[in-house]
Amino acid sequence: MRSTRHAFTLVELLVVIAIIGILVALLLPAIQQAREAARRTECINNLKQLGLGFQNHLSVNKFYPTGGWGWLWTGDPDRGYNTRQPGGWAYNVLEFCEEKTIRNLGKGLAANQKRAAATKAIQSPFTMLLCPTRRTKVLFAFKLGTLCRNCDNANPPLVARSDYAANAGTRFANNEIGEGPGSLTDGDATFFNTGGWADYIKRCDGVSYVRSKVTVKNVTDGTSKTIALGEKFLDVSKYESGDDPADNEHCYVGFDNDMFRTVFNRSDNDPRVDSTNNIDTRNRFGGPHTSTWNAMMTDGSVQTISFDANFEIIQRLASRNDGKTVAVPK
């Protein structure tokens with residue numbers, strides 16, 4: 001007796017393939033959402049760890065990390081944490097975020113050796129500064145002609161960068177002034193006591209900015225109601241190229257729009273989700289997440305803020321001392 005052989009027909013096979021395709025299409029968005037939720041959590045944790053760094057810096061030095069000198073300066077391990085330090089906030093929290101090795105590169109060395117060490121430091125990633133939703137690399141293209149005045153200016157092809165920026169306040173639309181003094185001697189003398197530098201230092205109401213020494217007593221609106229750090233807005237198409245003017249230096253730079261943000265007026269400073277719409281990236285908070293961006297408050301807590309939040313509320317949260325305290329919008 002001959003046995004009957006069973007097999008799929010072509011039509012049945014096509015139906016099975018179609019069903020599998022539909023299931024994949026249904027599951028893929030859920031998988032992507034789960035992955036993004038994990039990346040958001042990691043981003044929030046980065047800010048929490050940076051918040052601990054800020055608090056430890058405050059405990060030791062009695063003021064929040066200073067903003068440094070200007071875009072042609074980087075950190076110097078022998079110049080402490082006060083206004084004599086040309087490096088910005090990220091350089092100044094290294095020691096308090098378990099990155100003391102980077103902070104100490106060049107410490108105690110002769111001038112020429114220290115300059116070479118500074119160039120090496122700029123090529124050393126501080127991975128806590130990188131949001132996993134935005135980018136997976138840790139070093140990025142450097143295309144500017146001059147690296148910094150206290151480096152050996154070997155112009156490395158790759159440098160470390162940051163996805164987070166410090167809050168420089170609400171008094172100015174721009175979050176940089178210039179390249180800074182011509183030498184360490186000039187920086188220690190009267191360079192910052194004249195012109196735009198003096199005005200900025202005197203009027204700024206943020207937490208970290210050029211040669212800042214903001215204490216808890218200076219944050220009169222409350223440390224839980226004042227932004228210290230936040231995600232920064234960037235051009236999606238320029239994440240890795242070094243062509244975004246808000247992302248073309250390195251993370252240890254002094255006062256520069258790579259590492260600082262202001263909340264001066266709606267047209268220049270309203271937080272936005274990353275895009276490629278030719279919007280000026282240099283002054284805004286924002287980020288790569290849909291709907292919300294993350295901010296670390298001056299007390300070290302982290303808040304998730306909607307892009308739809310009222311601009312005036314964000315402005316109030318960016319001023320440490322305007323007397324207009326508001327609740328953080330959800």
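The values are calculated or read from the model by the stated rules, or taken from the named source; none is laboratory data. On a predicted model such as this, the values are computed, not experimentally measured, just so you know. Please note: Cβ atoms are built from the backbone with ideal geometry, for glycine as well, and neighbour counts cover all protein chains shown. Remember, those area values only see protein heavy atoms, side chains included, never the ligands or the DNA or RNA. Shrake-Rupley method; radii C 1.70, N 1.55, O 1.52, S 1.80 Å.
Quick look at the values:
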item	result
Qualifying residue in segment 284-296 (condition: assigned to a loop (DSSP other than H, G, I, E, B), open to solvent by 40 Å² or more (accessible area, probe 1.4 Å) and under 28 Å from ALA34 (Cβ atoms))	yes
Output for segment 170-207, where each listed residue is touching a helix residue (DSSP H, G or I) at 6+ places or on another chain (Cβ under 6 Å) and open to solvent by less than 10 Å² (accessible area, probe 1.4 Å)	PRO181
Whichever residue in segment 105-115 is in contact (Cβ under 8 Å) with a residue 12 or more places away in the chain and open to solvent by 50 Å² or more (accessible area, probe 1.4 Å) and, among such residues, is nearest to PRO181 (Cα to Cα)	ARG115
Test: SER208 is modelled with pLDDT of 95 or more, within 15 Å of ASN321 (Cβ to Cβ) and not in a loop (DSSP other than H, G, I, E, B)	no
Residue within segment 305-315 that is buried (at least 24 other Cβ atoms within 10 Å of the Cβ), assigned to a loop (DSSP other than H, G, I, E, B) and not basic (Lys, Arg) present	no
Yes/no for SER224 being under 18 Å from ALA173 (Cα atoms) and either touching an Asp or Glu at 6+ places or on another chain (Cβ under 8 Å) or not in a strand (DSSP E or B) (or both)	no
Condition broken by ASN150, with the remaining ones in (1) open to solvent by less than 10 Å² (accessible area, probe 1.4 Å); (2) touching a Ser or Thr at 6+ places or on another chain (Cβ under 8 Å) satisfied	(1)
Residues within segment 223-269 that are within 20 Å of VAL326 (Cβ to Cβ), open to solvent by less than 30 Å² (accessible area, probe 1.4 Å) and modelled with pLDDT under 95, tallied	1
Residue count, segment 158-190 (criterion: out of contact with any His (no Cβ under 7 Å at 6 or more places or on another chain) and touching a residue at least 40 places away in the same chain (Cβ under 8 Å))	23
Matching option when the condition is among the hydroxyl-bearing types (Ser, Thr, Tyr), within 15 Å of the chain's Cα centre (by Cα) and at pLDDT 95 or above, among THR170, THR127	THR127
Neighbours by Cβ (under 6 Å, 6+ apart or cross-chain): first from segment 128-157, outside any loop (DSSP other than H, G, I, E, B); second charged (D, E, K, R) and surrounded by 23 or more Cβ atoms within 10 Å (Cβ to Cβ)	PHE140/ARG161
Qualifying positions in segment 71-89 - within 11 Å of TYR252 (Cα to Cα) and either part of a loop (DSSP other than H, G, I, E, B) or among the small types (Gly, Ala, Ser) (or both)	TRP71, LEU72, TRP73, GLY75, ASP76, PRO86, GLY87, GLY88
Some residue of segment 43-56 being closer than 25 Å to ALA154 by Cα, touching a residue at least 12 places away in the same chain (Cβ under 8 Å) and over 18 Å from the mean Cα position of the chain (by Cα)	no
